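Quick notes on the structure that follows.
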Amino acid sequence: RKEVEQDPGPFNVPEGATVAFNCTYSNSASQSFFWYRQDCRKEPKLLMSVYSSGNEDGRFTAQLNRASQYISLLIRDSKLSDSATYLCVVNGDNYGQNFVFGPGTRLSVLP
Amino acid sequence: GAVVSQHPSRVICKSGTSVKIECRSLDFQATTMFWYRQFPKQSLMLMATSNEGSKATYEQGVEKDKFLINHASLTLSTLTVTSAHPEDSSFYICSASDTRRDTEAFFGQGTRLTVV
């Protein structure tokens, strides 16, 4: 079983739609969780960290379920500019030395 | 956020030559730097982790003699692809983290290597 798993997609959604991505991780000792956004062949950029209590940033909501070992990202009111690959990243320890990337989920927002 | 500068952004080299890629943290001290490789339509794959002043830890399947990593200072790490071959053509990205402060990693802009 891979350490971090995501549905690769692609998710093709119309503008304005709400879309949700899930990510599962296998290491129950994982400490930190992130969603990164990667545009075509560019460096990943941090979208948001994921906290146990859940967190929201504008149209984006991230949640963490430690018991089930999954992380979710919800995007509301999708924009064309949201089209990208979304990478789930899990940091396996408290020392920032074990980042594990999921394979990414590709999102295409269609006009 | 913090800035990580990676250079060069693109490089084309002949088969058999070596290429050096630099990764610099501009406004923080990077105690740990990570080197990733990304093949088309695939996710980032960690190649190695380096801690300042010590030898890099390579992931399984990554040849340490082919991919030389030096992390001699808290602001600079280099990846040298030695005797490059066409199958080494890929997108290489570094990321840096100050593990004494927080757990977020900051990424360089990436280097697209083409070996002809």
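Numbers at a glance
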item: From phi via Karplus (6.51, -1.76, 1.60), per-residue ³J(HN,Hα) for the range A:58-63 in Hz, x at Gly/Pro; result: x, 7, 10, 10, 10, 9
item: Neighbour-count order for A:35, B:35, fewest beta carbons within 10 angstrom listed first; result: A:35, B:35
item: Per-residue average of Cβ from other chains inside 10 Å of B:64-71; result: 0
item: Percent of beta bridges antiparallel (DSSP, chain B, rounded to nearest 5); result: 90
item: Cut-off under 5 Å, modelled amide H: who pairs with residue B:109 long-range; result: B:6
item: Least to most buried among A:42, B:14 (fewest other Cβ within 10 Å first); result: B:14, A:42
item: Cβ-defined net charge surrounding residue A:109, 14 Å radius [Lys, Arg +1; Asp, Glu -1]; result: +1
item: Over the protein assembly as shown: Kirkwood hydrodynamic radius from C-alpha pairwise inverse distances, Å; result: 18.1
item: Burial ranking of peptide ranges B:23-34, B:105-116 (average Cβ count within 10 Å, highest at the top); result: B:23-34, B:105-116
item: Environment charge at residue B:7 (Cβ cut-off 11 Å; Lys +1, Arg +1, Asp -1, Glu -1); result: +2
item: Cβ-isolated cysteines (cut-off 4.7 Å), chain B; result: B:13
item: Set of lysines with alpha-carbon distance to residue A:42 below 16 Å, sequence-local pairs under 8 removed; result: B:41
item: Share, in percent, of DSSP beta bridges within the protein assembly as shown that are antiparallel, nearest 5; result: 90
item: Convex hull per residue volume in Å³, alpha carbons only, for chain B; result: 96
item: In sequence order, calculated HN-Hα J values of the range B:44-54 (Karplus, 6.51, -1.76, 1.60; Hz; x Gly/Pro); result: 5, 10, 5, 9, 7, 10, 10, 9, 3, x, 10
item: Bridge type composition, chain A - antiparallel percent by DSSP, nearest 5; result: 90
item: Peptide B:23-34 - average C-beta neighbours from other chains (10 Å radius); result: 1
item: Whole-Hz ³J(HN,Hα) from phi, Karplus 6.51 cos²θ - 1.76 cosθ + 1.60, for the range A:22-28, glycine and proline x; result: 10, 9, 10, 10, 9, 8, 5
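Coordinate-derived values only; no laboratory data. This structure is a prediction, so every number in the text was calculated from the model and none was measured. Reconstructed Cβ throughout: ideal geometry from the backbone, glycine too, with neighbour counts over all protein chains shown.
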